[in-house]
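Visitor: The structure follows.
The values are calculated or read from the model by the stated rules, or taken from the named source; none is laboratory data. Worth saying up front: this structure is predicted, and the values here are computed from it rather than measured. Backbone-built Cβ (ideal geometry, glycine too); neighbour counts: all protein chains shown. The protein model used for the area step is the full one, side chains on, heavy atoms only, and it has no ligands, DNA or RNA in it. Shrake-Rupley method; radii C 1.70, N 1.55, O 1.52, S 1.80 Å.
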Amino acid sequence: MIRSVIVGTGSALPARRVSNAELAETVDTTDEWIVERTGIRFRHIAAPDETTATLAADACRAALGAAGLAAQDIDLIVLATATPDQTFPSSATKVQASLGINDCVAFDVAAVCSGFLYALQVADSMIRAGSARRALVIGSETFSRILDWEDRTTCVLFGDGAGAVVLEGQDNGDAGAEGRGILSTRLHADGRHNELLYVDGGPSTTGTVGKVRMKGREVFRHAVVNLAGVMTETLAACSLSAEDVDWVVPHQANARILDATARKLGLSPDKVVVTVDQHANTSAASVPLALDTAVKDGRIKRGDLIVLEAMGGGFTWGAAVVRF
Ligand code: COA
């Protein structure tokens, strides 16, 4: 039986790191408010020459290096983003060109903050169906470009960055839950909640890019219920439960959402990878960025059972259970 195994992780951040105190010089906010309500202390903000595609390509180079593979070994690129370099062509094709791969499948996926989970399931399905062998799955965003810097209820929450994994199809026989690879994934969407988290522009409506708009308190309420639900569902799909989990790698929107979700599942906060303090909410990039951080610092080790989860605009949400 073919399984998609994560054989390398990588990430990239813009050079400029902005503290809450620096933001408070231009936005009507304080370090205390941001830390208390969100847990965020820093975010990285892209310079004009740092784009979703350049950050993604840097994250891919790091992931390929960690996997010990060359760009030519890749036959599929799936890039999750809500902030592409251009309306078209896809940023995935820009990454492909930057890596020097002249012929492979490459496309973008739009599911906002859960984009990486969507991209992961698509790539996993294609690998298991035999249409790809090695895939780069990327989350990359430059949300700073679509923030209204005069709206303090949103602009303090987001940051820029990219994360990537290399997925490889490996024949794991009947290794069961102990065998490496993606054990189960579950995705959801409920389009009735568009007005709670959206961008007020687009090519087919205003002809502009638009800015992020959010009713934060309502998003918060849905997030905890949906995330706890999809994690339980995804673990149950491979006959596992919260006690089996070594690490949860959540979407990094707000430290209070992470705490509340862990509590709902009866999971110790020590098992939750938290990077929101350093990166803020990087939308589709946040899960692979947090994963790479915890792999690099030695927390997540080969053989660990990890759960990736995210929720975002749409609403969309999903989870993946992976034997790392
Ligand atoms: N600095 C200072 N004060 C701020 C502020 C800021 N950056 N942003 C909002 N406030 C004020 C509000 O104006 C409000 O003041 P008021 O009571 O005088 O009207 C007060 O703080 C409380 O605002 P509220 O929105 O109720 O705060 P909250 O505790 O719900 O926290 C969020 C706001 C956005 C941090 C929180 O709701 C959240 O994280 N939601 C989920 C967002 C999310 O995760 N989105 C992405 C999902 S992918």
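Visitor: Once the Cα gyration tensor of segment 2-174 is diagonalised, what are the square roots of 5 times its eigenvalues, in whole Å and ordered largest first, as equivalent ellipsoid semi-axes?
Guide: They are 33, 16, 14 Å, listed from largest to smallest.
Visitor: Here is a follow-up. Taking the Cβ of D246 as the center, what net charge do the other residues with Cβ under 12 Å away carry, scoring Lys and Arg +1 and Asp and Glu -1?
Guide: It works out to a net charge of +1.
Visitor: Where is the GNM fluctuation largest for the chain (alpha-carbon springs, 10 angstrom cutoff): M311, M231, M214?
Guide: Looking only at M311, M231, M214, the biggest GNM fluctuation is shown by M214.
Visitor: Shifting gears a bit: Compute the distance in nm between two label points, each set 7 Å from the Cα along the Cα-to-Cβ direction, one at F88 and one at S131.
Guide: 1.8 nm
Visitor: Quote the accessible area belonging to E25 in square angstrom, nearest 10, computed with a 1.4 Å probe and with ligands, DNA and RNA left uncounted.
Guide: 150 Å²
Visitor: For the chain, with every protein chain kept in place, what is the accessible area per residue (1.4 Å probe, Å²)?
Guide: Per residue, the chain has 41 Å² of solvent-accessible surface.
Visitor: Let me ask something additional. What does the convex hull of the Cα atoms come to per residue for the chain, in Å³?
Guide: Normalising the Cα hull of the chain by residue number yields 122 Å³.
Visitor: Let me ask something additional. Give me the tail of P(r) for segment 215-298 as a percent: Cα-Cα pairs with distance above 23 Å.
Guide: 19 percent
Visitor: Does segment 1-86 classify as rounded, prolate or oblate by the C-alpha gyration tensor (a ≥ b ≥ c root eigenvalues; a/c under 1.5 gives rounded; else a/b over b/c gives prolate, otherwise oblate)?
Guide: prolate
Visitor: Then there is this: Can you grab the distance from the C-alpha centre of segment 74-110 to the C-alpha centre of segment 234-260, Å, no decimals?
Guide: 29 Å
Visitor: A follow-up question, please. Quick check: at a probe of 1.4 Å, how many percent of the accessible area of the chain sits on carbon and sulfur atoms?
Guide: 51 percent
Visitor: While we're looking at this one, here's another question. What is the Cα convex hull volume of segment 181-323 when expressed per residue in Å³?
Guide: Dividing the Cα hull volume of segment 181-323 by its residue count gives 117 Å³.
Visitor: Using 7 Å Cα-to-Cβ label points, what is the E218/A177 separation (nm, one decimal)?
Guide: Distance between the two pseudo-spin positions: 3.8 nm.
Visitor: At a probe radius of 1.4 Å, what is the per-residue accessible area of V219, in Å² to the nearest 10?
Guide: Looks like 20 Å² after rounding.
Visitor: Helix-derived [θ] at 222 nm for the chain: sum -39500 (n - 2.57) over DSSP H runs of at least 4, divide by residue count, nearest 500?
Guide: -9500 deg cm²/dmol
Visitor: If you take every residue apart from V219 with its C-beta less than 14 Å away from the C-beta of V219, what net charge results, scoring Lys and Arg +1 and Asp and Glu -1?
Guide: +4
Visitor: Looking at the chain, do any whole DSSP H helices span at least 24 angstrom along their long axis by alpha carbon and average -0.5 or above on Kyte-Doolittle, and which?
Guide: Taking the DSSP H segments of the chain (at least 24 Å long, mean hydropathy at least -0.5), we get 216-237.
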